[in-house]
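Some notes on the structure that comes next.
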Amino acid sequence: MPKTWYELGGAPVVVWSARRLARLAGHRGTILATDEESIAARVPAVRREFESANVVATTLGGATRQESCRLAFEAAATIDAELVLVHDAARPFFCLDATITALEEAAEHGGAILGHRARDTLKRVESGRVVRTIERDAVFHAATPQVFRRDAFEAMLAHARTHAIEGTDEAGLAEACGIPVVAIESPSTNIKITYPEDELVLPALASLLDE
């Protein structure tokens, strides 16, 4: 089962993320890009929760994150909004205040992303051996939400398609075509469900952060 459908407090994590997005002022609607099995078997079970969280459409995702973003963006063509917010639903506890700042900065500069500075000493490893220490003051752990002006986002996707660029996140596509991206410091509690142990942490975060 996809990690975004992990059950937390009686609802899948994707529902928690959708509810949190809906709390943002000016929210015009969420487009969910997901897999075929989830569309057929999981989405119908939470349709009421999605409606209350203003999830306005569900679309089949692509083979990559970038392709899923493109498909969701196309599905949002009729939504009247000047900003596009991309969020990984496996991060249900993103900071609302930091996201509001990201929305403001993206409107002014073109793009903005949430994340946090590296706290641990970072090493470059090759063939199992440490080869050098990376200066952590210059390292920023990129997360989501990632926000862009709509015209900038459209330009990013077009540039990536023209130049066959496959980014690991949307900010990378912005970098590739010269769109400024502001880094917004946010709490490291904005964890992404990646490993089994992450699921053990979520209930504690839910009781602390679901304000």
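The values are calculated or read from the model by the stated rules, or taken from the named source; none is laboratory data. Predicted, not measured: the structure shown is a model, and the values here were computed from it. Cβ atoms come from the backbone with ideal geometry, glycine included; neighbour counts cover every protein chain shown.
Which residue pairs have Cβ atoms under 6 Å apart, sit 6 or more places apart or on different chains, and have a first residue in region 154-169 that is free of Cβ contacts under 8 Å to residues at least 24 places away in the same chain and a second that is outside any helix (DSSP H, G or I)? What qualifies is Met156/Cys177; His159/Cys177. Return yes or no: is Ala112 touching a residue at least 24 places away in the same chain (Cβ under 8 Å), of a type in the set (Gly, Ala, Ser) and closer than 20 Å to Arg19 by Cα? Considered against the rule, which asks whether it is touching a residue at least 24 places away in the same chain (Cβ under 8 Å), of a type in the set (Gly, Ala, Ser) and closer than 20 Å to Arg19 by Cα, Ala112 comes out as no. Filtering Glu82, Glu74, Glu67, Glu49 for residues that are of a type in the set (D, E, K, R), touching a helix residue (DSSP H, G or I) at 6+ places or on another chain (Cβ under 6 Å) and under 25 Å from Ala174 (Cα atoms) leaves a single hit, Glu82. A single entry from Ser188, Ser207 fulfils the requirement of being polar (S, T, N, Q) and either loosely packed, with under 11 Cβ neighbours inside 10 Å or in a helix (DSSP H, G or I) (or both): Ser207. In this structure, Ala183 does not qualify as in a helix (DSSP H, G or I) and of a type outside the set (Lys, Arg). I'd like to know if region 120-141 contains one or more residues that are of a type in the set (Gly, Ala, Ser) and either in contact (Cβ under 8 Å) with a residue 12 or more places away in the chain or closer than 30 Å to Glu7 by Cβ (or both). No, every residue in region 120-141 fails to be of a type in the set (Gly, Ala, Ser) and either in contact (Cβ under 8 Å) with a residue 12 or more places away in the chain or closer than 30 Å to Glu7 by Cβ (or both).
Table: residues versus (1) modelled with pLDDT of 95 or more; (2) among the small types (Gly, Ala, Ser).
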| position | (1), (2) |
| --- | --- |
| Ser38 | no, yes |
| Gly61 | no, yes |
| Arg65 | no, no |
| Asp88 | yes, no |
| Phe93 | no, no |
| Leu96 | yes, no |
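For beta carbons closer than 9 Å, sequence separation of 6+ or different chains, a first residue in region 186-208 that is under 15 Å from Val13 (Cβ atoms) and a second that is part of a loop (DSSP other than H, G, I, E, B) and basic (Lys, Arg), the qualifying pairs are Asn190/Arg91; Ile191/Arg91; Lys192/Arg91; Ile193/Arg91; Asp198/Lys192.
Condition first: surrounded by fewer than 15 Cβ atoms within 10 Å (Cβ to Cβ) and in contact with a Phe, Trp or Tyr (Cβ under 8 Å, 6 or more places away or on another chain). Can you find one or more residues in region 152-161 that meet it? Within region 152-161, one or more residues are surrounded by fewer than 15 Cβ atoms within 10 Å (Cβ to Cβ) and in contact with a Phe, Trp or Tyr (Cβ under 8 Å, 6 or more places away or on another chain). Selection of region 147-174 for residues being aliphatic (A, V, I, L, M) and assigned to a helix (DSSP H, G or I) yields Ala152, Ala155, Met156, Leu157, Ala158, Ala160, Ala171, Leu173, Ala174. Would you confirm, using the coordinates I've provided, whether Glu74 is among the acidic types (Asp, Glu) and in contact with a Cys (Cβ under 9 Å, 6 or more places away or on another chain)? Judged against the criteria, Glu74 is not a match.
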